[in-house]
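Asker: Have a look at the structure that comes next, please.
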Amino acid sequence: MLRKAAAAFTQWVFGGTCLLCRGSAGPGLLCAACDADLPRLDGALCPRCAIPSAAGATCGRCLSHPPRFDATVAALEYRFPADVLVHALKFRGELALAALLARLLEERIARNPPVHFILPVPLAPRRLRERGYNQALEIARHLARATGARLALDACERTRDTAAQIDLPWTERAANLKGAFRAPRSLDGATIAVLDDVMTTGATLNEIAGALKGSGASHVVNWVVARTFPPD
Ligand SMILES: [Zn+2]
Ligand SMILES: [Zn+2]
C-alpha cells in the first residue's frame, strides 16, 4: 500500500495530473479549476460547531446543548468533490492527499489563535490494523509542521473498540461513544486542536473534548477537513 501511495505521489508531483479531472495540475495535486470548485466553507458559521448560522452567531443547538469543545474550524462542506478526496485518503491509501487536505485546513486555522498540541482522533485499534495508517494523523503531521504545534498522540486513547459511527443512526451515535475515550495524562492549561477528516454529528469530538477537559485542558478546538451539516 505504501509503495502504491509513493508511486502515485511521484506521478502527481512530476506528472502533474489533477486528481479529480485528470487534467494538468501543478504540484498541488489539483488543477486551478478543480481547486476553485472545492466547496470551501466561506459563509457565516457557528463558531462552536461550524454549521451555517446567520451572521456567524452561535447556533441554537450549541446554545441549548453546549458541546464540550470550545470551537470548530472546518475547511470544506462534505459533498462532492470533497468526499472524493477524503475517501481517497481514508480508504485507498492515497497518503499524498494528506498534504492537500492539510493545506485547505491551514487556510482556515491561520486566522485562529495558536494551540499547544494537535491530537489526531485515535482510530480504533482494529481499524488501525486493517488500514495500516490513521488518516487524521497523516493530516496532523503537516499541520504540526505548518503551525509549530506539537503532535500529542498520547493525549487521548480509546478505551474500547466501538461500532463504527457510520453504521449507526445519528440518534445512537452519542450513546455508542460514551466513555470510549480517556485522556491518561495531565493536560493542565493546555490548548488542544483535535483533528479529524470529517465531522458529522460531532459526537466523537464531543467525547474527546470531554476527556481532554477532564484532564485539565483549558481550550479544545476541532480542526476538521470537511463538515457534514446535520438535518434540522
Ligand atoms: Zn482538475
Ligand atoms: Zn453550533
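The values are calculated or read from the model by the stated rules, or taken from the named source; none is laboratory data. Since we're looking at a predicted model, the values are computed, not measured. So basically every Cβ, Gly included, is an ideal-geometry build from the backbone, and we count neighbours across all protein chains shown. Surface accessibility is based on the protein's heavy atoms, side chains included, excluding ligands, DNA and RNA. Shrake-Rupley method; radii C 1.70, N 1.55, O 1.52, S 1.80 Å.
Asker: Return the residues of segment 71-86 that are part of a loop (DSSP other than H, G, I, E, B), of a type outside the set (F, W, Y) and open to solvent by 50 Å² or more (accessible area, probe 1.4 Å); say none if nothing qualifies. Please lay out each step first, then the result.
Answerer: Residues of segment 71-86 part of a loop (DSSP other than H, G, I, E, B): 78-81.
Restricting the remaining residues to those that are of a type outside the set (F, W, Y) gives 79, 81.
Within segment 71-86, just R79 meets the criteria.
Asker: In segment 110-121, what residues are surrounded by fewer than 21 Cβ atoms within 10 Å (Cβ to Cβ) and in contact with a helix residue (DSSP H, G or I) (Cβ under 8 Å, 6 or more places away or on another chain)?
Answerer: Within segment 110-121, P114 is the sole residue that qualifies.
Asker: To continue, here is another question. Starting from segment 172-190, take each residue that is within 26 Å of P113 (Cα to Cα) and list its partners that are surrounded by fewer than 16 Cβ atoms within 10 Å (Cβ to Cβ), counting only C-beta distances under 6 angstrom and pairs at least six apart or across chains.
Answerer: R182/T159; S186/G216; L187/G216; D188/G216; G189/S218
Asker: Which is over 29 Å from R160 (Cβ atoms), in contact (Cβ under 8 Å) with a residue 24 or more places away in the chain and crowded, with 18+ Cβ neighbours inside 10 Å, of L97, L101, L89?
Answerer: Values: L101 fails: over 29 Å from R160 (Cβ atoms); L89 fails: over 29 Å from R160 (Cβ atoms).
None of the others qualify; the one that does is L97.
Asker: Follow-up question, since we're still on this one. Taking the residues in segment 21-64 that are more than 10 Å from ligand 1 (Cβ to nearest atom) and in a strand (DSSP E or B) as candidates, determine which candidate is most open to solvent (accessible area, probe 1.4 Å). It would help to see each step written out before you state the result.
Answerer: Quick first cut of segment 21-64, residues more than 10 Å from ligand 1 (Cβ to nearest atom) only: 26-28, 38-64.
Remaining after also requiring in a strand (DSSP E or B): 40, 45, 52.
Working: R40: 57, L45: 40, P52: 77 Å².
So the residue we want is P52.
Asker: Continuing with the same structure: So, A96, is that one among the hydrophobic types (A, V, I, L, M, F, W, C), more than 24 Å from A71 (Cβ to Cβ) and over 15 Å from the mean Cα position of the chain (by Cα) or not?
Answerer: Values: among the hydrophobic types (A, V, I, L, M, F, W, C): yes; more than 24 Å from A71 (Cβ to Cβ): yes; over 15 Å from the mean Cα position of the chain (by Cα): yes.
Considered against the rule, which asks whether it is among the hydrophobic types (A, V, I, L, M, F, W, C), more than 24 Å from A71 (Cβ to Cβ) and over 15 Å from the mean Cα position of the chain (by Cα), A96 comes out as yes.
Asker: Let me ask you something else. Which condition number in (1) exposed (fewer than 14 other Cβ atoms within 10 Å of the Cβ); (2) farther than 18 Å from A140 by Cα is the one that E107 fails?
Answerer: (2)
Asker: Looking at (1) at pLDDT below 95; (2) in a helix (DSSP H, G or I), find the lone condition where D154 falls short.
Answerer: The one condition D154 does not meet is (2).
Asker: Next up: Which of the residues that make up segment 164-183 are part of a loop (DSSP other than H, G, I, E, B), modelled with pLDDT under 80 and surrounded by fewer than 13 Cβ atoms within 10 Å (Cβ to Cβ)? Spell out how you get there, then give the answer.
Answerer: Residues of segment 164-183 part of a loop (DSSP other than H, G, I, E, B): 164, 168-169, 178-180, 183.
When the remaining residues are screened for being modelled with pLDDT under 80, the result is 164, 168.
Within segment 164-183, A164 is the sole residue that qualifies.
Asker: For segment 135-150, what are the residues that are open to solvent by 20 Å² or more (accessible area, probe 1.4 Å), closer than 30 Å to A36 by Cα and not in a helix (DSSP H, G or I)?
Answerer: Answer for segment 135-150, where residues must be open to solvent by 20 Å² or more (accessible area, probe 1.4 Å), closer than 30 Å to A36 by Cα and not in a helix (DSSP H, G or I): just G148.
Asker: Could you list, in sequence order, the residues of segment 184-212 that are aliphatic (A, V, I, L, M) and not in a loop (DSSP other than H, G, I, E, B)?
Answerer: In the first step, residues of segment 184-212 are kept if they are aliphatic (A, V, I, L, M); the result is 187, 190, 192-195, 198-199, 203, 205, 208-209, 211-212.
I192, A193, V194, L195, V198, M199, A203, L205, I208, A209, A211, L212 - these are the residues of segment 184-212 that are aliphatic (A, V, I, L, M) and not in a loop (DSSP other than H, G, I, E, B).
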